[in-house]
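Let me begin by presenting the structure, written as structure tokens, before commenting on it.
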Amino acid sequence: MDENKATATPVREAQGGASSSNMMWGGRFSTSPDAVMEAINASIDVDRRLAAQDIAGSRAHSDMLAACGIITAADRDAIHAGLAQVEREIADGTFAYSTALEDIHMNIEARLKEIVGAPAGRLHTARSRNDQVAVDFRLFVREACDRTAAQILKLQRALLAQAEAHADTVMPGFTHLQSAQPVTFGHHMLAYVNMLDRDRARFIDARARMNRCPLGAAALAGTSFPIDRHMTAKALGFDGPTRNSLDSVSARDFALEFLSAAAICAVNLSRLAEEIVIWMTPQFGFVKLSDRWTTGSSIMPQKKNPDAAELVRGKSGRVIGQLNTLLVLMKGLPLTYSKDMQEDKEALFDAADTIELCLEATAGMVADMTPVAEKMAAAAGAGFATATDLADWLVRVLGLPFRDAHHVTGRIVALAEAKGCDLAALALADLQGVEPRITADIFEVLTVESSVASRTSFGGTAPQNVRAEIAHWRDVLAREGV
């Protein structure tokens with residue numbers, strides 16, 4: 001029999017029994033737990049995802065204990081060798097997880113004892129499961145921040161590529177989902193580049209705030225052993241140790257901040273997904289997606305459904321819900337640790353998985369998306385979209401107060417509506433019938449192209465602005481080096 005499999009057997013046999021649980025707890029408990037208590041108490045099905053972080057924390061802790069003379073170098077070396085074997089067993093799928101051992105920390109410690117014996121019992125000197133899970137969880141959330149920020153950057157680049165290809169492509173801009181003023185598709189894509197940059201910044205900021213190491217706070221009060229918390233913090237890539245032992249083991253605001261950033265990002269992705277859904281309807285027809293990102297109907301052969309976009313839109317609710325879950329979980333907890341906090345990880349794991357999947361899908365859709373320029377251009381001129389340009393001309397050329405110009409423009413729009421034509425198709429005599437001082441020069445501002453080109457204020461939609469912004473964002477994203 002394979003040696004790893006053979007040595008894993010005792011842990012597997014402990015599943016459902018009480019002996020291993022009592023062994024870990026020591027002499028305080030003499031009877032086995034009720035099966036229901038064991039089921040509600042165990043978290044191994046969820047927190048097994050923290051195995052890599054738990055092993056990293058144990059390596060750093062044992063190194064520090066040896067450096068401080070609290071355990072011997074021989075014990076440290078045995079612990080490291082045993083942890084390496086545990087790591088291999090987890091990687092190759094031969095590690096046997098036990099619900100009787102409750103969580104990933106006790107599962108690893110029990111297996112370590114089977115492998116190396118007495119030195120395993122010295123590993124837990126000067127630490128508690130309270131600070132152990134706190135450091136494991138921070139390490140996981142820190143990594144999740146890094147992954148999510150990198151995925152946002154990938155999506156920003158996909159949006160930027162679309163903006164660059166369509167800096168001149170006109171489309172209607174909307175308020176209240178009604179045609180408002182013409183913009184360019186490139187400008188629209190850049191709006192999401194900006195939104196997502198704030199999302200990325202939130203994850204980066206959250207990472208910076210959580211980058212303090214709680215290891216060494218022990219159960220809640222610190223320890224009497226002469227430990228070096230700065231050493232373990234440095235070994236695990238933290239900026240330093242947390243400064244209050246009570247806060248160290250009870251804080252979950254780092255998880256809340258990740259979930260908050262994820263929920264805001266999910267909302268932004270949902271907004272883009274909703275636009276893709278709308279744009280793909282035959283009534284709009286602004287964009288096309290390939291078969292890679294759409295599905296058909298089991299009964300209607302003409303259908304091409306934007307299911308990926310709909311699922312991104314739908315999954316935003318899961319991320320928002322997980323933020324609410326942790327907010328409600330934490331709101332009534334006194335300092336320091338309470339068992340309620342065992343429920344924090346499932347919410348965060350699900351949200352992290354969901355936001356990463358949604359970002360990847362959205363980046364794929366954006367890169368795949370083909371704008372239909374002629375459809376967007378036709379819609380850009382509908383609904384009297386250049387009415388504001390007309391009003392601005394009346395102010396700029398004739399000197400009308402804007403409110404008066406607004407009133408005159410409203411009368412001209414009503415006239416065009418009655419005639420069944422757009423503003424540029426009205427005769428000069430029609431316009432002068434409303435305002436006699438209007439000249440033929442007004443027609444220079446009534447086309448969609450002239451309207452878009454005129455919006456040269458900083459942040460405006462003029463193609464020259466869009467190209468300048470593309471250059472700006474190319475520089476910004478290039479500096480990220482991902």
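The values are calculated or read from the model by the stated rules, or taken from the named source; none is laboratory data. Given the structure is predicted, the values throughout are model-derived calculations rather than measurements. With ideal geometry, Cβ positions are generated from the backbone for all residues, glycine too; neighbour counts draw on all protein chains shown. Remember, those area values only see protein heavy atoms, side chains included, never the ligands or the DNA or RNA. Shrake-Rupley method; radii C 1.70, N 1.55, O 1.52, S 1.80 Å.
Decide, for segment 80-125, between rounded, prolate and oblate: order the square roots of the alpha carbon gyration tensor eigenvalues as a ≥ b ≥ c, take rounded if a/c falls under 1.5, and otherwise choose prolate if a/b is larger than b/c, else oblate. Oblate, since a/c reaches 1.5 and b/c is not below a/b. Distance between the C-alpha centers of segment 125-163 and segment 167-224? Whole Å please. For segment 125-163 versus segment 167-224, the Cα centre distance is 14 Å.
Dividing the summed helix terms, -39500 (n - 2.57) for each DSSP H run of n ≥ 4, by the number of residues in the chain produces a 222 nm estimate of -20500 deg cm²/dmol to the nearest 500.
Run a plain Debye calculation on the chain (Cα atoms as equal point scatterers, no solvent) and give log10 I(q)/I(0) at q = 0.07, 0.13 Å⁻¹, rounded to two decimals, same order as the q list. With one equal scatterer per Cα and no solvent, log10 I(q)/I(0) is -0.55, -1.16. Subtracting the Cα-Cα distance of Ala440 and Glu356 from their residue separation scaled by 0.36 nm leaves 24.7 nm.
Averaged over residues, the count of other Cβ atoms within 10 Å places the peptides 274-281, 216-223 in the sequence 216-223, 274-281, highest first.
The mean accessible area for residues of the chain, using a 1.4 Å probe and ignoring ligands and nucleic acids, is 46 Å² per residue. With an a/c value of 1.5 or above and a/b not larger than b/c for the gyration tensor axes a ≥ b ≥ c computed over the alpha-carbon atoms, segment 154-208 is described as oblate.
For segment 224-281, the residue among Leu259, Phe225, Phe238 whose Cα projects farthest onto the positive side of the dipole built from Cβ charges is Phe225.
From the Cα gyration tensor of segment 190-230, with a ≥ b ≥ c the square roots of its eigenvalues, which class applies: rounded if a/c is under 1.5, or else prolate if a/b is larger than b/c, or else oblate?
Prolate shape, in that a/c is at least 1.5 and a/b is the bigger ratio.
Might you report the magnitude of the Cβ-based charge dipole of segment 53-124 about its Cα centre, with Lys and Arg at +1 and Asp and Glu at -1, to the nearest 20 debye?
Here the size comes out at about 180 debye.
With K and R counted +1 and D and E -1, the other residues having a Cβ less than 12 Å from that of Arg127 yield a net charge of -1. Solvent-accessible area of the chain (1.4 angstrom probe, protein heavy atoms only): carbon and sulfur portion equals 54 percent. For the set Lys375/Lys419; Lys154/Lys375; Lys315/Lys375; Lys154/Lys339; Lys113/Lys234; Lys288/Lys345, the pairs lying more than 32 angstrom apart at their alpha carbons are Lys154/Lys339; Lys288/Lys345. Most tightly packed first, judged by the mean number of other beta-carbon atoms within 10 Å of their residues, the peptides 89-97, 384-392 read 384-392, 89-97. Normalised by residue number, the volume inside the convex hull of the Cα atoms of segment 286-376 is 134 Å³ per residue.
In whole angstrom, how long is each semi-axis of the equivalent ellipsoid of segment 109-183, when you take the square root of 5 times every eigenvalue of its Cα gyration tensor and sort them from largest down?
Taking √(5λ) for each eigenvalue gives 57, 15, 8 Å, largest first.
When the alpha carbon gyration tensor of segment 257-408 is reduced to an equivalent ellipsoid, the three semi-axes, largest first, read 42, 27, 11 Å. Along each principal axis, taking the top coordinate minus the bottom one, the Cα set of segment 348-482 gives 66, 30, 29 Å in descending order.
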